[in-house]
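See structure below.
Please treat every number below as a calculation from the coordinates, not as lab data. Just so it is clear, the structure is predicted and the values come from calculations on it, not from any experiment. Cβ coordinates were reconstructed from backbone atoms using ideal geometry, including for glycine residues, and neighbour counts include every protein chain displayed.
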Amino acid sequence: MKTTLKTVTTAVALTALLGGSPLLFASDDNGPDQAVKLLQDGVIKPFDQLNEVVLAKHPGAALGETELEREYGRYVYKVELRDAQGVEWDVDVDAATGEVLDDRQDD
């Protein structure tokens, strides 16, 4: 019970710290502790700023799952979203610079 409560509390606190984005991590992705450290060290931009970049590409869209991965020597923020017309998109953003690396319609 204590472990579950601690995990939930940590997840809620981390979500708030990361700008309210529901950040998910796969086993080969960067974990929550690493993401917080990268953010605090100024290596990556805050996730709310990266979300703004994504939403600027697709105004009126709703954010879905997000991930932070290390690819080709850089941190990539991967976002799934659904636009106002119901079309699903996958957008990859360089987490350090905010540059959109890929913006493609989900198959």
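What ranking of VAL53, VAL36, VAL79 emerges when the number of other C-beta atoms within 10 Å of each C-beta is taken as an exposure proxy, fewest first? Let's see the in-between values first.
On the way: VAL53 18, VAL36 15, VAL79 25.
So the residues, fewest neighbours to most, are VAL36, VAL53, VAL79.
Assuming R0 = 25 Å, can you tell me the calculated FRET efficiency for the pair ALA84 and GLN40, based on Cβ-Cβ distance, to the nearest 0.05? Could you put the intermediate results ahead of the total?
Numbers: r = 35 Å, r/R0 = 1.39.
The computed FRET efficiency comes out at 0.10.
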